[in-house]
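Since the structure comes first, as structure tokens, the remarks are kept for the end.
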Number of protein chains: 2
Amino acid sequence: MPSARSRTVTSPSALTGAAESAADARIDPATLPGRPCSIAAAMEIIGEKWALLAVREVVLGNHRFSEIVRNTGAPRDRMAARLKVLVHAGVLERRPYSDAPPRSDYHLTAAGRALAPVLDALLAWGDEWAVSDPPVARFHHDHELRLTSVCRECGEPVRGRDVRREGRLGWDDRGPGSPAV
Amino acid sequence: MPSARSRTVTSPSALTGAAESAADARIDPATLPGRPCSIAAAMEIIGEKWALLAVREVVLGNHRFSEIVRNTGAPRDRMAARLKVLVHAGVLERRPYSDAPPRSDYHLTAAGRALAPVLDALLAWGDEWAVSDPPVARFHHDHELRLTSVCRECGEPVRGRDVRREGRLGWDDRGPGSPAV
């Protein structure tokens, strides 16, 4: 996916070095424990509940540390540590909003904005399976909002039997392949 | 969403009590720290990296504890604890496959199967933003598979400005509402 690669380099934040550190933070899937897998790599960055809840707050327009702490209910020290990871990974970026005293708040990068489908999917699953009653109703135009996925290329719903996977690092669905002799 | 509620009661697993314990495990969003939100509730159940990686393995057809441990690279004790949570929450169920010695393996419930869009979204995000190179290529018919979301009701792509949210527990996008006097 060269377009994604080059986007981090050509974005305005490349000038600040933020994009470079984000690129450095990319994970070589061969170094993951177990299956080399982008889900596992994603979970290394956002697989902690405070991380995604922080992103949720920034999506909703709450950029300041105090707002993020209040609205997530996270312990301040754990949220501070988590925000550092998200900034290092290039999901959020800090922007100064006051010189005296020096203060900055958190904004989404392109990678952070790209988490919207993850949040949408978790919200839909949580509404249906995790809560006693959905706490927020969402409407699209005049109907209740429920999302479904289609193939971006052909527009069809995607059935498992129409999908073919090609692993590049010696694993198949069952596990690590037989070691080469 | 009464259909989701009643599904847990009318499913065959209701006869075994599994659905009842899953229903008991549902979270009252008003009891969550911070914003009452189905994303937060979902993360209470699956917001730990070994949890979703265990579900990934079962989706791929690897049902036994030893397979799940090998393919995730998780420490055995942490995976055992995580699988217990997933069974209690009704995401996985145990099924005996041997009497002597007594052995059982893990299978997806309806709630577990419903996690497919979460895994898809994490995979797509991870491919684009978390890894140095995607470890698995996926093809739909003859083209590379990339998913996009549309409204299930009207089939349109969903833009933020067309979505209206109605919170039911006194919070709005900014935070907790002014306390009632």
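The values are calculated or read from the model by the stated rules, or taken from the named source; none is laboratory data. The shown structure was predicted, so the numbers you read here are calculated from the model rather than taken from an experiment. Using ideal geometry, Cβ is built from the backbone for each residue, glycine included, and neighbour counts are taken over all protein chains shown. Each accessible area value is taken on the protein alone, full model and side chains, heavy atoms only, with ligands, DNA and RNA left out. Shrake-Rupley method; radii C 1.70, N 1.55, O 1.52, S 1.80 Å.
Looking at segment A:33-55, is at least one residue within 7 Å of another protein chain (Cβ to nearest Cβ), in contact with a Ser or Thr (Cβ under 8 Å, 6 or more places away or on another chain) and touching a residue at least 24 places away in the same chain (Cβ under 8 Å)?
Yes; the residues of segment A:33-55 include at least one that is within 7 Å of another protein chain (Cβ to nearest Cβ), in contact with a Ser or Thr (Cβ under 8 Å, 6 or more places away or on another chain) and touching a residue at least 24 places away in the same chain (Cβ under 8 Å).
Identify all residues within segment A:109-132 that are facing chain B (nearest Cβ under 7 Å), touching a residue at least 40 places away in the same chain (Cβ under 8 Å) and either open to solvent by 40 Å² or more (accessible area, probe 1.4 Å) or among the small types (Gly, Ala, Ser) (or both); write none if there are none.
Once the filter is applied, which keeps residues that are facing chain B (nearest Cβ under 7 Å), touching a residue at least 40 places away in the same chain (Cβ under 8 Å) and either open to solvent by 40 Å² or more (accessible area, probe 1.4 Å) or among the small types (Gly, Ala, Ser) (or both), segment A:109-132 yields only A:ALA111.
Please specify each residue of segment B:155-167 satisfying the condition of being open to solvent by 50 Å² or more (accessible area, probe 1.4 Å), more than 22 Å from A:ALA111 (Cα to Cα) and more than 7 Å from chain A (Cβ to nearest Cβ).
Selection gives B:GLU156 alone.
If you take the residues of segment A:153-168 that are in a loop (DSSP other than H, G, I, E, B) and in contact with a strand residue (DSSP E or B) (Cβ under 8 Å, 6 or more places away or on another chain), which of them is farthest from B:ALA114 (Cα to Cα)?
Per the stated criteria, the residue is A:ARG168.
If you check B:ARG164 against the conditions, is it more than 23 Å from the chain's Cα centre (by Cα) and not β-branched (Val, Ile, Thr)?
yes
Can you tell me which residues in segment B:99-117 are modelled with pLDDT of 95 or more and of a type in the set (A, V, I, L, M, F, W, C)?
B:LEU108, B:ALA110, B:ALA111, B:ALA114, B:LEU115, listed by residue number.
Considering every residue within segment A:76-93, establish whether at least one is small (Gly, Ala, Ser) and touching a residue at least 60 places away in the same chain (Cβ under 8 Å).
Checked segment A:76-93: at least one residue is small (Gly, Ala, Ser) and touching a residue at least 60 places away in the same chain (Cβ under 8 Å).
Does segment A:81-95 include one or more residues that are acidic (Asp, Glu) and open to solvent by 60 Å² or more (accessible area, probe 1.4 Å)?
No, the conditions are met nowhere in segment A:81-95.
If you go through segment B:99-108, how many residues are in a strand (DSSP E or B) and either open to solvent by 40 Å² or more (accessible area, probe 1.4 Å) or over 21 Å from A:ARG174 (Cα atoms) (or both)?
Count: 1.
Taking segment A:133-147, which residues are out of contact with any Phe, Trp or Tyr (no Cβ under 7 Å at 6 or more places or on another chain) and open to solvent by less than 50 Å² (accessible area, probe 1.4 Å)?
A:PRO134, A:PRO135, A:VAL136, A:ALA137, A:ARG138, A:PHE139, A:HIS140, A:HIS143, A:LEU147
Of all the residues that make up segment A:43-73, how many are farther than 19 Å from A:HIS107 by Cα and either in contact with a Leu (Cβ under 7 Å, 6 or more places away or on another chain) or assigned to a loop (DSSP other than H, G, I, E, B) (or both)?
3
Which one is nearest to the other protein chains (Cβ to nearest Cβ), of the residues in segment A:58-68 that are over 15 Å from A:ALA114 (Cα atoms) and crowded, with 20+ Cβ neighbours inside 10 Å?
Here the answer is A:ASN62.
Check segment B:133-149 and report whether any residue there is more than 9 Å from chain A (Cβ to nearest Cβ), outside any strand (DSSP E or B) and over 28 Å from B:GLU67 (Cα atoms).
Checked against the condition, which is being more than 9 Å from chain A (Cβ to nearest Cβ), outside any strand (DSSP E or B) and over 28 Å from B:GLU67 (Cα atoms), segment B:133-149 yields at least one hit.
Of (1) facing chain A (nearest Cβ under 7 Å); (2) without any contact (Cβ under 8 Å) to a residue 40 or more places away in the chain, B:GLY170 satisfies all except one. Which?
Of the numbered conditions (1) facing chain A (nearest Cβ under 7 Å); (2) without any contact (Cβ under 8 Å) to a residue 40 or more places away in the chain, the odd one out for B:GLY170 is (1).
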